[in-house]
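Student: What follows is a structure written as C-alpha coordinates; I'll ask about it next.
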Amino acid sequence: MVYVCGAKVYPVGRHYDKSVVDMALEVSGPLVRECGEPEAIVFATYLSPFQEDFDNHAQLFAEYLGTDAEVYTVASGDGSGGAAISLGEKLVKAGYKRVLVVGSDKTNDFHSKHAVEQLTTLIAPYERYYGTTYSSVHALAARLYMKRFNLSREELSQWAVVMHSNAIDVPHAQLRFPVKIEKVCSSNVISEPLRLLDAHPFSDGAAAVMLTSESSPVELRTASASSKLTVANRDLTFMDSTYKAMKKLGVDGVDAVEVHDAFSIAGLIALESLGLAERGKAIELLNERPKEINPSGGLKARGHPIGATGVYQVAEGFSAITEGLGRLGKVSSFLTHSTNLMGASTYLTYLKEV
Amino acid sequence: MDISPARIWREKPFSYRLEVLECPKCKRRYVGNVEECPKCGAKLERKRLPRKGRVIAWTKVVQVPEFAEDFAPLYIGLIELEDGSRVVAKLVDVVEPSDGMEVEAVLRRVRVDGQTGLIEYALCFRPIL
Ligand SMILES: [Zn+2]
(Lines give C-alpha, C1' and ligand atoms only; values in the text may rest on other atoms or scores of the structure.)
Protein backbone atom coordinates (compact mmCIF):
# COMPACT_ATOMS: atom_id res chain seq x y z
CA MET A 1 0.00 0.00 0.00
CA VAL A 2 1.21 3.53 -0.78
CA TYR A 3 0.19 6.49 1.33
CA VAL A 4 0.62 10.24 1.23
CA CYS A 5 2.31 11.53 4.36
CA GLY A 6 2.03 15.20 3.49
CA ALA A 7 1.99 17.80 0.72
CA LYS A 8 2.98 21.45 0.27
CA VAL A 9 2.36 23.95 -2.51
CA TYR A 10 3.96 27.27 -3.44
CA PRO A 11 1.55 30.03 -4.54
CA VAL A 12 1.17 29.79 -8.32
CA GLY A 13 2.06 33.01 -10.12
CA ARG A 14 4.92 35.10 -11.44
CA HIS A 15 8.03 34.69 -9.35
CA TYR A 16 10.90 36.54 -11.00
CA ASP A 17 12.78 36.46 -7.73
CA LYS A 18 12.69 32.68 -7.35
CA SER A 19 14.50 30.00 -9.30
CA VAL A 20 13.01 26.56 -9.92
CA VAL A 21 15.30 25.17 -7.22
CA ASP A 22 14.36 27.97 -4.78
CA MET A 23 10.65 27.20 -5.13
CA ALA A 24 11.23 23.45 -4.85
CA LEU A 25 13.18 24.01 -1.62
CA GLU A 26 10.50 26.29 -0.15
CA VAL A 27 7.93 23.50 -0.34
CA SER A 28 10.18 20.52 0.30
CA GLY A 29 12.15 21.69 3.35
CA PRO A 30 9.10 21.85 5.64
CA LEU A 31 7.67 18.64 4.17
CA VAL A 32 10.85 16.66 4.89
CA ARG A 33 10.98 18.02 8.44
CA GLU A 34 7.34 16.96 8.90
CA CYS A 35 7.49 13.48 7.31
CA GLY A 36 11.15 12.47 7.60
CA GLU A 37 14.07 12.05 5.21
CA PRO A 38 13.24 10.52 1.82
CA GLU A 39 15.17 7.58 0.37
CA ALA A 40 14.55 8.83 -3.16
CA ILE A 41 13.62 12.08 -4.85
CA VAL A 42 11.64 12.24 -8.08
CA PHE A 43 11.86 15.72 -9.55
CA ALA A 44 9.45 16.83 -12.28
CA THR A 45 10.13 19.79 -14.53
CA TYR A 46 9.78 20.51 -18.22
CA LEU A 47 10.25 24.12 -19.26
CA SER A 48 12.91 25.11 -16.74
CA PRO A 49 15.90 24.10 -18.90
CA PHE A 50 14.71 26.57 -21.54
CA GLN A 51 13.85 29.22 -18.99
CA GLU A 52 16.91 29.04 -16.77
CA ASP A 53 19.61 27.84 -19.15
CA PHE A 54 20.31 25.10 -16.61
CA ASP A 55 19.23 21.48 -16.74
CA ASN A 56 20.38 19.76 -13.59
CA HIS A 57 17.82 21.08 -11.11
CA ALA A 58 17.17 17.88 -9.19
CA GLN A 59 20.82 17.47 -8.30
CA LEU A 60 21.24 21.03 -7.00
CA PHE A 61 17.96 20.67 -5.17
CA ALA A 62 19.21 17.51 -3.43
CA GLU A 63 22.46 19.24 -2.46
CA TYR A 64 20.61 22.14 -0.88
CA LEU A 65 18.09 19.85 0.77
CA GLY A 66 21.12 18.26 2.43
CA THR A 67 20.12 14.72 1.56
CA ASP A 68 21.93 11.67 0.27
CA ALA A 69 18.73 10.26 -1.27
CA GLU A 70 18.77 8.89 -4.83
CA VAL A 71 17.77 11.57 -7.30
CA TYR A 72 15.81 11.24 -10.53
CA THR A 73 14.40 13.80 -12.93
CA VAL A 74 11.21 12.89 -14.72
CA ALA A 75 9.90 14.61 -17.80
CA SER A 76 6.81 13.77 -19.78
CA GLY A 77 5.92 17.09 -21.30
CA ASP A 78 3.16 18.98 -19.51
CA GLY A 79 2.28 15.67 -17.82
CA SER A 80 5.66 15.50 -16.06
CA GLY A 81 4.10 16.08 -12.63
CA GLY A 82 1.71 13.16 -13.00
CA ALA A 83 4.50 10.98 -14.36
CA ALA A 84 6.65 11.77 -11.31
CA ILE A 85 3.85 10.79 -8.93
CA SER A 86 3.35 7.57 -10.84
CA LEU A 87 7.05 6.67 -10.63
CA GLY A 88 7.16 7.71 -6.99
CA GLU A 89 4.36 5.26 -6.25
CA LYS A 90 6.29 2.48 -7.97
CA LEU A 91 9.41 3.20 -5.92
CA VAL A 92 7.42 2.91 -2.70
CA LYS A 93 5.89 -0.33 -3.95
CA ALA A 94 9.41 -1.54 -4.72
CA GLY A 95 10.29 -1.16 -1.06
CA TYR A 96 11.29 2.44 -0.40
CA LYS A 97 9.93 3.82 2.85
CA ARG A 98 9.66 7.45 1.76
CA VAL A 99 9.85 9.04 -1.68
CA LEU A 100 9.70 12.79 -2.16
CA VAL A 101 7.98 13.81 -5.39
CA VAL A 102 8.55 17.44 -6.24
CA GLY A 103 7.41 19.37 -9.28
CA SER A 104 8.88 22.79 -9.96
CA ASP A 105 8.72 24.79 -13.15
CA LYS A 106 8.71 28.26 -14.68
CA THR A 107 7.20 29.97 -17.67
CA ASN A 108 7.61 33.63 -16.74
CA ASP A 109 11.32 34.36 -16.86
CA PHE A 110 10.92 35.68 -20.41
CA HIS A 111 8.15 37.48 -22.27
CA SER A 112 5.27 35.04 -22.83
CA LYS A 113 6.12 34.67 -26.53
CA HIS A 114 9.20 32.74 -25.41
CA ALA A 115 7.10 30.34 -23.34
CA VAL A 116 4.76 29.93 -26.33
CA GLU A 117 7.77 28.97 -28.43
CA GLN A 118 9.28 26.72 -25.77
CA LEU A 119 5.97 24.87 -25.43
CA THR A 120 6.04 23.99 -29.12
CA THR A 121 8.76 21.49 -28.14
CA LEU A 122 5.88 19.25 -26.98
CA ILE A 123 4.75 18.78 -30.57
CA ALA A 124 6.09 16.15 -32.99
CA PRO A 125 8.78 17.58 -35.32
CA TYR A 126 6.88 17.11 -38.57
CA GLU A 127 3.83 18.89 -37.19
CA ARG A 128 5.72 21.60 -35.40
CA TYR A 129 7.88 23.45 -37.87
CA TYR A 130 5.14 25.69 -39.22
CA GLY A 131 4.72 27.39 -35.87
CA THR A 132 2.10 24.98 -34.57
CA THR A 133 1.54 25.90 -30.94
CA TYR A 134 0.28 24.17 -27.79
CA SER A 135 -2.85 26.32 -28.14
CA SER A 136 -3.37 25.49 -31.80
CA VAL A 137 -3.47 21.74 -31.11
CA HIS A 138 -6.25 22.43 -28.62
CA ALA A 139 -7.90 24.79 -31.09
CA LEU A 140 -8.15 22.03 -33.69
CA ALA A 141 -9.70 19.81 -31.06
CA ALA A 142 -12.17 22.57 -30.20
CA ARG A 143 -13.16 22.97 -33.86
CA LEU A 144 -13.87 19.26 -34.20
CA TYR A 145 -15.62 18.90 -30.86
CA MET A 146 -17.83 21.96 -31.25
CA LYS A 147 -18.94 20.83 -34.69
CA ARG A 148 -19.46 17.19 -33.79
CA PHE A 149 -21.36 17.81 -30.56
CA ASN A 150 -22.91 21.12 -31.50
CA LEU A 151 -21.31 23.01 -28.64
CA SER A 152 -21.68 26.79 -28.82
CA ARG A 153 -19.00 29.36 -28.08
CA GLU A 154 -21.07 30.50 -25.07
CA GLU A 155 -21.28 26.95 -23.70
CA LEU A 156 -17.53 26.48 -24.03
CA SER A 157 -17.02 29.72 -22.09
CA GLN A 158 -18.78 28.19 -19.11
CA TRP A 159 -15.60 26.22 -18.38
CA ALA A 160 -13.63 29.36 -17.57
CA VAL A 161 -16.51 30.78 -15.53
CA VAL A 162 -16.63 27.72 -13.28
CA MET A 163 -12.83 27.46 -12.97
CA HIS A 164 -12.44 31.09 -11.94
CA SER A 165 -15.25 30.75 -9.45
CA ASN A 166 -13.65 27.63 -7.91
CA ALA A 167 -10.23 29.30 -7.64
CA ILE A 168 -11.51 32.23 -5.58
CA ASP A 169 -11.37 30.26 -2.31
CA VAL A 170 -8.07 28.51 -3.07
CA PRO A 171 -5.22 30.52 -1.51
CA HIS A 172 -2.46 29.22 -3.80
CA ALA A 173 -4.41 29.73 -7.06
CA GLN A 174 -3.13 32.24 -9.60
CA LEU A 175 -6.39 33.74 -10.97
CA ARG A 176 -8.68 34.35 -8.01
CA PHE A 177 -11.31 36.54 -9.60
CA PRO A 178 -14.67 35.79 -11.23
CA VAL A 179 -15.26 36.09 -14.98
CA LYS A 180 -18.53 36.31 -16.90
CA ILE A 181 -19.41 34.39 -20.06
CA GLU A 182 -19.48 37.59 -22.13
CA LYS A 183 -15.97 38.45 -20.99
CA VAL A 184 -14.67 35.03 -21.99
CA CYS A 185 -16.39 35.25 -25.39
CA SER A 186 -14.90 38.65 -26.09
CA SER A 187 -11.38 38.08 -24.77
CA ASN A 188 -8.51 38.18 -27.30
CA VAL A 189 -8.26 35.33 -29.76
CA ILE A 190 -5.15 33.20 -29.29
CA SER A 191 -5.89 30.45 -31.79
CA GLU A 192 -9.39 30.36 -33.22
CA PRO A 193 -11.84 29.43 -31.75
CA LEU A 194 -9.89 29.61 -28.48
CA ARG A 195 -9.57 32.89 -26.65
CA LEU A 196 -7.35 34.17 -23.89
CA LEU A 197 -9.80 33.17 -21.19
CA ASP A 198 -9.98 29.61 -22.52
CA ALA A 199 -6.28 29.30 -21.82
CA HIS A 200 -4.11 28.47 -18.83
CA PRO A 201 -2.17 31.49 -17.55
CA PHE A 202 1.63 31.49 -17.62
CA SER A 203 2.67 30.25 -14.22
CA ASP A 204 5.67 29.61 -12.00
CA GLY A 205 5.32 27.28 -9.05
CA ALA A 206 6.35 24.22 -7.11
CA ALA A 207 4.54 21.49 -5.22
CA ALA A 208 5.83 18.57 -3.19
CA VAL A 209 4.22 15.35 -2.03
CA MET A 210 5.78 12.78 0.30
CA LEU A 211 4.79 9.23 -0.55
CA THR A 212 5.33 6.55 2.07
CA SER A 213 4.78 2.89 2.84
CA GLU A 214 3.88 3.79 6.43
CA SER A 215 0.18 3.98 7.20
CA SER A 216 -1.18 7.50 6.81
CA PRO A 217 -4.67 9.04 6.48
CA VAL A 218 -4.58 9.16 2.67
CA GLU A 219 -3.98 6.19 0.38
CA LEU A 220 -2.70 6.66 -3.18
CA ARG A 221 -2.95 4.59 -6.34
CA THR A 222 -1.93 5.47 -9.88
CA ALA A 223 -2.68 4.18 -13.37
CA SER A 224 -1.14 5.46 -16.57
CA ALA A 225 -1.28 4.79 -20.28
CA SER A 226 -0.05 6.31 -23.48
CA SER A 227 -1.57 6.79 -26.87
CA LYS A 228 -0.40 8.90 -29.82
CA LEU A 229 1.65 12.07 -29.79
CA THR A 230 1.17 12.79 -33.48
CA VAL A 231 -1.86 15.05 -33.71
CA ALA A 232 -2.80 13.86 -37.20
CA ASN A 233 -3.13 10.28 -35.97
CA ARG A 234 -5.63 10.88 -33.20
CA ASP A 235 -9.28 11.45 -32.62
CA LEU A 236 -8.77 14.91 -31.14
CA THR A 237 -12.19 14.90 -29.48
CA PHE A 238 -11.18 12.08 -27.14
CA MET A 239 -8.15 11.18 -25.01
CA ASP A 240 -7.51 7.49 -25.65
CA SER A 241 -4.74 7.28 -23.08
CA THR A 242 -7.08 8.69 -20.44
CA TYR A 243 -9.73 6.13 -21.27
CA LYS A 244 -7.17 3.32 -21.07
CA ALA A 245 -5.65 4.57 -17.82
CA MET A 246 -9.10 4.83 -16.24
CA LYS A 247 -9.85 1.22 -17.22
CA LYS A 248 -6.62 0.17 -15.49
CA LEU A 249 -7.44 2.21 -12.41
CA GLY A 250 -10.77 0.44 -12.09
CA VAL A 251 -12.47 3.10 -10.01
CA ASP A 252 -16.07 4.06 -10.52
CA GLY A 253 -17.28 7.19 -8.85
CA VAL A 254 -15.12 9.80 -7.21
CA ASP A 255 -16.07 12.71 -4.98
CA ALA A 256 -14.04 15.21 -6.98
CA VAL A 257 -11.62 15.38 -9.87
CA GLU A 258 -8.80 17.60 -11.12
CA VAL A 259 -8.47 17.33 -14.89
CA HIS A 260 -5.70 18.65 -17.13
CA ASP A 261 -7.51 21.60 -18.69
CA ALA A 262 -4.65 23.50 -20.30
CA PHE A 263 -7.43 24.95 -22.45
CA SER A 264 -11.18 24.82 -21.76
CA ILE A 265 -11.82 22.24 -24.46
CA ALA A 266 -9.33 19.81 -22.92
CA GLY A 267 -11.29 19.91 -19.66
CA LEU A 268 -14.51 18.81 -21.38
CA ILE A 269 -12.77 16.09 -23.38
CA ALA A 270 -10.99 14.85 -20.25
CA LEU A 271 -14.24 14.39 -18.32
CA GLU A 272 -15.67 12.33 -21.17
CA SER A 273 -12.51 10.28 -21.64
CA LEU A 274 -12.51 9.48 -17.91
CA GLY A 275 -16.04 8.16 -18.36
CA LEU A 276 -17.47 10.71 -15.94
CA ALA A 277 -19.68 12.16 -18.69
CA GLU A 278 -21.07 10.77 -21.93
CA ARG A 279 -19.42 11.99 -25.10
CA GLY A 280 -20.59 15.47 -25.95
CA LYS A 281 -22.23 15.86 -22.52
CA ALA A 282 -19.38 17.08 -20.31
CA ILE A 283 -20.81 20.58 -20.29
CA GLU A 284 -23.92 19.23 -18.55
CA LEU A 285 -21.78 17.56 -15.87
CA LEU A 286 -19.89 20.82 -15.40
CA ASN A 287 -23.14 22.69 -14.83
CA GLU A 288 -24.50 20.04 -12.46
CA ARG A 289 -21.39 19.55 -10.32
CA PRO A 290 -19.28 22.69 -10.72
CA LYS A 291 -17.56 22.51 -7.33
CA GLU A 292 -16.44 18.92 -7.81
CA ILE A 293 -14.73 19.52 -11.14
CA ASN A 294 -11.34 21.14 -10.68
CA PRO A 295 -12.03 22.48 -7.19
CA SER A 296 -8.62 24.22 -7.31
CA GLY A 297 -9.67 26.15 -10.41
CA GLY A 298 -7.73 23.76 -12.63
CA LEU A 299 -4.93 24.67 -15.00
CA LYS A 300 -7.22 27.43 -16.19
CA ALA A 301 -7.36 29.37 -12.89
CA ARG A 302 -5.13 27.73 -10.31
CA GLY A 303 -2.52 28.00 -13.04
CA HIS A 304 -0.22 25.70 -14.99
CA PRO A 305 3.46 25.62 -14.01
CA ILE A 306 3.94 23.06 -16.77
CA GLY A 307 6.06 20.26 -15.29
CA ALA A 308 4.82 20.88 -11.74
CA THR A 309 1.07 20.89 -12.42
CA GLY A 310 0.49 17.17 -11.88
CA VAL A 311 2.12 17.35 -8.45
CA TYR A 312 -0.09 20.33 -7.55
CA GLN A 313 -3.16 18.25 -8.41
CA VAL A 314 -2.15 15.47 -6.04
CA ALA A 315 -1.26 17.95 -3.29
CA GLU A 316 -4.72 19.47 -3.75
CA GLY A 317 -6.36 16.06 -3.57
CA PHE A 318 -4.51 15.44 -0.31
CA SER A 319 -5.77 18.79 1.06
CA ALA A 320 -9.33 18.04 -0.06
CA ILE A 321 -9.31 14.77 1.87
CA THR A 322 -7.47 15.92 5.00
CA GLU A 323 -8.77 19.45 5.53
CA GLY A 324 -10.94 20.58 2.64
CA LEU A 325 -10.20 22.46 -0.57
CA GLY A 326 -11.85 25.75 -1.56
CA ARG A 327 -15.55 25.59 -2.33
CA LEU A 328 -15.49 21.81 -2.51
CA GLY A 329 -14.78 21.41 1.19
CA LYS A 330 -13.83 18.00 2.53
CA VAL A 331 -14.24 14.79 0.53
CA SER A 332 -13.12 11.18 0.95
CA SER A 333 -11.97 10.35 -2.58
CA PHE A 334 -10.23 12.36 -5.28
CA LEU A 335 -9.00 11.70 -8.81
CA THR A 336 -6.26 13.64 -10.59
CA HIS A 337 -5.65 13.62 -14.34
CA SER A 338 -2.35 14.76 -15.79
CA THR A 339 -1.58 14.51 -19.49
CA ASN A 340 1.24 15.02 -21.94
CA LEU A 341 0.05 17.15 -24.88
CA MET A 342 -3.68 16.74 -24.49
CA GLY A 343 -3.72 13.00 -23.90
CA ALA A 344 -0.67 11.64 -25.70
CA SER A 345 -0.05 10.11 -22.28
CA THR A 346 -2.21 10.13 -19.19
CA TYR A 347 -1.18 9.77 -15.54
CA LEU A 348 -4.06 9.22 -13.14
CA THR A 349 -3.81 9.34 -9.36
CA TYR A 350 -6.57 8.16 -7.11
CA LEU A 351 -6.54 9.35 -3.51
CA LYS A 352 -8.73 7.87 -0.85
CA GLU A 353 -9.32 8.50 2.82
CA VAL A 354 -8.11 5.53 4.87
CA MET B 1 20.66 30.19 -25.82
CA ASP B 2 18.87 33.38 -24.75
CA ILE B 3 20.00 35.15 -21.61
CA SER B 4 17.12 35.47 -19.18
CA PRO B 5 16.81 38.98 -17.71
CA ALA B 6 14.90 37.55 -14.73
CA ARG B 7 17.61 35.03 -14.00
CA ILE B 8 20.39 37.62 -14.23
CA TRP B 9 18.42 39.84 -11.88
CA ARG B 10 17.81 37.21 -9.24
CA GLU B 11 21.38 35.91 -9.39
CA LYS B 12 22.86 39.39 -8.84
CA PRO B 13 23.38 39.12 -5.07
CA PHE B 14 25.93 36.39 -5.68
CA SER B 15 27.25 37.27 -9.12
CA TYR B 16 27.74 40.98 -8.28
CA ARG B 17 28.37 40.91 -4.52
CA LEU B 18 29.32 37.34 -3.48
CA GLU B 19 26.23 37.36 -1.24
CA VAL B 20 25.13 33.96 0.05
CA LEU B 21 22.45 32.82 2.48
CA GLU B 22 23.68 31.30 5.69
CA CYS B 23 21.76 29.43 8.35
CA PRO B 24 22.48 30.91 11.80
CA LYS B 25 21.69 27.53 13.39
CA CYS B 26 23.22 24.78 11.25
CA LYS B 27 25.64 27.02 9.28
CA ARG B 28 24.59 25.57 5.92
CA ARG B 29 24.99 27.93 2.97
CA TYR B 30 22.79 28.47 -0.06
CA VAL B 31 23.16 30.51 -3.20
CA GLY B 32 19.68 31.55 -4.26
CA ASN B 33 16.62 33.08 -2.69
CA VAL B 34 14.90 30.98 -0.06
CA GLU B 35 13.48 32.31 3.19
CA GLU B 36 14.12 29.42 5.55
CA CYS B 37 16.93 26.91 5.84
CA PRO B 38 15.58 23.89 3.92
CA LYS B 39 17.34 21.63 6.42
CA CYS B 40 16.40 23.03 9.82
CA GLY B 41 13.83 25.74 9.12
CA ALA B 42 15.73 28.65 10.72
CA LYS B 43 15.44 32.03 9.02
CA LEU B 44 18.41 32.46 6.70
CA GLU B 45 20.73 35.45 6.91
CA ARG B 46 22.43 37.23 4.02
CA LYS B 47 26.16 37.25 4.24
CA ARG B 48 28.85 38.70 1.97
CA LEU B 49 31.90 36.60 1.31
CA PRO B 50 35.30 38.31 1.34
CA ARG B 51 36.41 39.66 -2.04
CA LYS B 52 40.01 38.54 -1.65
CA GLY B 53 41.58 35.12 -1.73
CA ARG B 54 44.11 32.91 -3.43
CA VAL B 55 44.12 30.47 -6.31
CA ILE B 56 44.01 26.80 -5.26
CA ALA B 57 43.88 25.36 -8.79
CA TRP B 58 43.36 26.75 -12.26
CA THR B 59 42.93 25.72 -15.86
CA LYS B 60 43.29 27.36 -19.23
CA VAL B 61 40.14 26.55 -21.22
CA VAL B 62 40.85 26.30 -24.92
CA GLN B 63 37.73 24.53 -26.13
CA VAL B 64 35.16 27.11 -25.00
CA PRO B 65 31.38 27.42 -25.38
CA GLU B 66 30.33 29.42 -28.42
CA PHE B 67 29.18 32.40 -26.36
CA ALA B 68 32.64 32.71 -24.81
CA GLU B 69 34.62 32.59 -28.05
CA ASP B 70 35.45 36.29 -27.82
CA PHE B 71 37.04 35.67 -24.41
CA ALA B 72 39.00 32.56 -25.36
CA PRO B 73 41.18 31.19 -23.95
CA LEU B 74 39.50 31.34 -20.53
CA TYR B 75 41.25 30.97 -17.22
CA ILE B 76 38.95 29.28 -14.71
CA GLY B 77 40.13 29.09 -11.13
CA LEU B 78 39.15 27.45 -7.88
CA ILE B 79 39.66 30.20 -5.35
CA GLU B 80 39.84 30.05 -1.58
CA LEU B 81 38.58 33.29 -0.07
CA GLU B 82 39.99 34.87 3.08
CA ASP B 83 37.40 33.20 5.31
CA GLY B 84 38.12 29.77 3.90
CA SER B 85 35.05 29.55 1.64
CA ARG B 86 35.63 28.56 -1.96
CA VAL B 87 34.30 29.75 -5.29
CA VAL B 88 34.85 28.84 -8.91
CA ALA B 89 35.37 31.93 -11.05
CA LYS B 90 37.06 33.35 -14.07
CA LEU B 91 40.56 34.75 -13.65
CA VAL B 92 41.15 37.98 -15.56
CA ASP B 93 44.00 40.40 -16.29
CA VAL B 94 46.39 37.53 -16.01
CA VAL B 95 48.97 36.22 -18.45
CA GLU B 96 49.74 32.96 -16.67
CA PRO B 97 48.02 32.20 -13.33
CA SER B 98 49.86 30.33 -10.59
CA ASP B 99 48.83 28.29 -7.58
CA GLY B 100 48.71 30.42 -4.45
CA MET B 101 48.35 33.61 -6.49
CA GLU B 102 46.60 36.34 -4.47
CA VAL B 103 43.47 37.58 -6.23
CA GLU B 104 40.62 40.05 -5.71
CA ALA B 105 37.09 40.26 -7.11
CA VAL B 106 36.31 42.60 -9.98
CA LEU B 107 33.05 42.95 -11.95
CA ARG B 108 33.40 42.02 -15.62
CA ARG B 109 31.29 41.29 -18.64
CA VAL B 110 31.04 37.51 -19.04
CA ARG B 111 28.48 37.01 -21.76
CA VAL B 112 26.64 38.90 -24.49
CA ASP B 113 23.34 37.68 -25.94
CA GLY B 114 23.70 37.61 -29.71
CA GLN B 115 20.00 38.25 -30.34
CA THR B 116 18.99 40.82 -27.76
CA GLY B 117 22.36 42.38 -27.02
CA LEU B 118 21.75 41.77 -23.32
CA ILE B 119 25.01 41.67 -21.37
CA GLU B 120 25.67 39.44 -18.38
CA TYR B 121 28.17 40.62 -15.78
CA ALA B 122 29.70 38.65 -12.93
CA LEU B 123 32.52 38.93 -10.44
CA CYS B 124 35.80 37.65 -11.81
CA PHE B 125 39.14 37.57 -9.98
CA ARG B 126 42.31 39.43 -10.92
CA PRO B 127 45.78 39.27 -9.41
CA ILE B 128 46.48 41.68 -6.55
CA LEU B 129 49.41 43.72 -7.67
ZN1 LIG C 1 19.78 25.34 9.07
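Student: In whole Hz, what ³J(HN,Hα) sequence does segment B:119-127 give by Karplus (6.51, -1.76, 1.60; θ = phi - 60°), x for Gly and Pro?
Tutor: 10, 9, 10, 7, 5, 10, 10, 10, x
Student: Okay, next question. Would you give the gap between the C-alpha center of segment A:144-166 and the C-alpha center of segment A:285-309, rounded to a whole Å?
Tutor: Segment A:144-166 and segment A:285-309 have Cα centres separated by 14 Å.
Student: Using label points projected 7 Å from each Cα along Cα→Cβ, tell me how many nm separate A:Glu278 and B:Val95, to one decimal.
Tutor: A separation of 8.8 nm, rounded to one decimal place.
Student: Still on this structure, I have one more. What list of ³J(HN,Hα) couplings, whole Hz, do you get for segment A:314-331 from phi and the Karplus terms 6.51, -1.76, 1.60, once you set θ to phi - 60° and write x for glycine and proline?
Tutor: 6, 4, 5, x, 4, 4, 4, 7, 8, 9, x, 10, x, 6, 5, x, 9, 9
Student: Please express the shape of segment A:154-219 as an equivalent ellipsoid: the semi-axes are the square roots of 5 times the eigenvalues of the C-alpha gyration tensor, given largest first in whole angstrom.
Tutor: 32, 13, 11
Student: May I ask for the distance between the Cα centers of segment A:321-354 and segment B:112-129, given as a whole number of Å?
Tutor: A separation of 47 Å, based on Cα centres.
Student: How high is the relative contact order of chain B, in percent, with contacts defined as C-alpha pairs under 8 Å that are six or more residues apart?
Tutor: It rounds to 22 percent for chain B.
Student: Taking 0.36 nm per residue of separation and subtracting the Cα-Cα distance, what length does fully extending B:Tyr121 through B:Val62 add?
Tutor: This chain segment gains 19.1 nm when fully extended.
Student: Here's a follow-up. Using the heavy atoms of the protein chains alone and a 1.4 angstrom probe, what is the accessible area of segment B:88-129 per residue in square angstrom?
Tutor: 57 Å²
Student: Sticking with this one: Could you give me the ³J(HN,Hα) list for segment A:229-242, computed from phi with Karplus coefficients 6.51, -1.76, 1.60 and θ = phi - 60°, whole Hz, x at Gly and Pro?
Tutor: Ordered by residue, 3J(HN,Hα) equals 7, 4, 5, 5, 9, 10, 8, 5, 8, 8, 9, 4, 5, 5 Hz.
Student: Between B:Glu19 and A:Phe149, what is the label-point separation in nm under the 7 Å Cα-to-beta-carbon projection?
Tutor: About 5.2 nm separates the two model spin labels.
Student: With N residues in segment B:58-103, what two-decimal value do you get for its Cα radius of gyration over 2.2 N^0.38 Å?
Tutor: Ratio of Cα Rg to 2.2 N^0.38 Å: 1.22.
Student: Mind pulling the angle between the C-alpha long axis of helix B:5-17 and the longest principal axis of chain B? Nearest 10 degrees, somewhere in 0 to 90.
Tutor: So the helix axis and the longest Cα principal axis differ by about 80 degrees.
Student: Simple spin-label model, 7 Å along Cα-to-Cβ: B:Asp2 to B:Lys52 in nm?
Tutor: Here the modelled spin labels are 4.3 nm apart.
Student: Let me ask something additional. Return, in residue-number order, each cysteine of chain A whose C-beta is not under 4.7 Å from any other cysteine's C-beta.
Tutor: That list is A:Cys185.
Student: Take A:Lys291, project a point 7 Å from its Cα along the Cβ direction, then tell me which residues of segment A:153-197 have their backbone nitrogen under 17 Å from it.
Tutor: Under 17 Å, as judged by backbone N against the label point of A:Lys291, lie A:162-171 of segment A:153-197.
Student: Using modelled amide H (1.01 Å from N, peptide plane; none on Pro or chain starts), what sits under 5 Å from the amide H of A:Ile190, excluding residues fewer than 5 places away?
Tutor: So A:Ile190 has HN proximity to A:Arg195, A:Leu196.
Student: Give the long-range amide H neighbours of B:Leu91: residues separated by 5 or more places, or on another chain, with amide H under 5 Å away, using H modelled in the peptide plane at 1.01 Å from N.
Tutor: B:Tyr75, B:Ile76, B:Gly77, B:Phe125
Student: If you count only protein heavy atoms with a 1.4 Å probe, what accessible area per residue comes out for segment A:31-83, rounded to a whole Å²?
Tutor: Value for segment A:31-83: 35 Å² per residue.
Student: To continue, here is another question. Relative contact order of chain A: what whole-number percent is it, with Cα pairs under 8 angstrom and at least 6 residues apart?
Tutor: Rounded, it is 27 percent for chain A.
Student: Compute the acute angle (0 to 90°) between the alpha-carbon long axis of helix A:20-35 and the principal axis of greatest extent of the alpha-carbon atoms of chain A; round to the nearest 10°.
Tutor: Rounded to the nearest ten degrees, it is 50.
Student: Can I ask one more? Percent of accessible area on segment B:5-127 owned by carbon and sulfur, 1.4 Å probe?
Tutor: C and S fraction of accessible area: 50 percent.
Student: What span do the alpha-carbon atoms of segment A:209-340 cover on each of the three principal axes, reported in whole Å from largest to smallest?
Tutor: 44, 32, 29
Student: Return one quarter of the surface area of the convex hull spanned by the alpha-carbon atoms of segment A:1-96, equal to its mean projected area, in nm².
Tutor: Answer in nm², one decimal: 6.3.
Student: Efficiency by 1/(1 + (r/R0)^6): what FRET value for B:Trp9 and B:Asp83, r their Cβ-Cβ distance, R0 = 25 Å, to the nearest 0.05?
Tutor: In this case the efficiency is close to 0.40.
Student: For a 23 Å ceiling on Cα separation, which of these pairs sit above it: A:Lys8/A:Lys247; A:Lys113/A:Lys244; A:Lys291/A:Lys330; B:Lys12/B:Lys52; B:Lys12/B:Lys43; A:Lys183/A:Lys300?
Tutor: Long pairs (Cα-Cα over 23 Å): A:Lys8/A:Lys247; A:Lys113/A:Lys244.
Student: For the protein assembly as shown, count the residues as N, evaluate 2.2 N^0.38 Å, and divide the Cα radius of gyration by that value, please.
Tutor: It is 1.04.
Student: Binning at 5 angstrom from zero up to the longest distance, how are the C-alpha pair distances of segment A:55-135 distributed in percent?
Tutor: In order of increasing distance, the bins hold 3, 12, 18, 18, 17, 12, 9, 7, 3, 0 percent.
Student: Using only protein heavy atoms and a 1.4 angstrom probe, determine the accessible area buried between A and B, summed over both sides, in Å² to the nearest 100.
Tutor: That pair hides around 1800 Å² of surface in total.
Student: Ratio of segment B:5-127's C-alpha Rg to 2.2 N^0.38 Å, to two decimals?
Tutor: Ratio of Cα Rg to 2.2 N^0.38 Å: 1.16.
Student: So what are the radius of gyration and Dmax for the Cα set of segment A:112-232, in Å?
Tutor: Rg and Dmax of segment A:112-232, Cα atoms, are 17.9, 51 Å.
Student: For A:Glu117 and A:Met1, compute 0.36 nm times the residue count separating them, minus their Cα-Cα distance, and round to one decimal in nm.
Tutor: 37.6 nm
Student: Quick check: Cα centre of segment A:97-112 to Cα centre of segment A:219-260, how many Å?
Tutor: Taking the Cα centre of each part, segment A:97-112 and segment A:219-260 sit 23 Å apart.
Student: Do you know which residues of segment B:24-42 lose at least 20 square angstrom of accessible area in the protein assembly compared with their chain on its own, with a 1.4 angstrom probe?
Tutor: B:Tyr30, B:Val31, B:Asn33, B:Val34, B:Glu35, B:Glu36, B:Pro38, B:Lys39
The values are calculated or read from the model by the stated rules, or taken from the named source; none is laboratory data. Because the structure is a prediction, the values reported are computed rather than measured. All Cβ positions, glycine included, derive from the backbone under ideal geometry; neighbour counts span all protein chains shown. Only protein heavy atoms, including side chains, enter the accessible area calculation; ligands, DNA and RNA are left aside. Shrake-Rupley method; radii C 1.70, N 1.55, O 1.52, S 1.80 Å.
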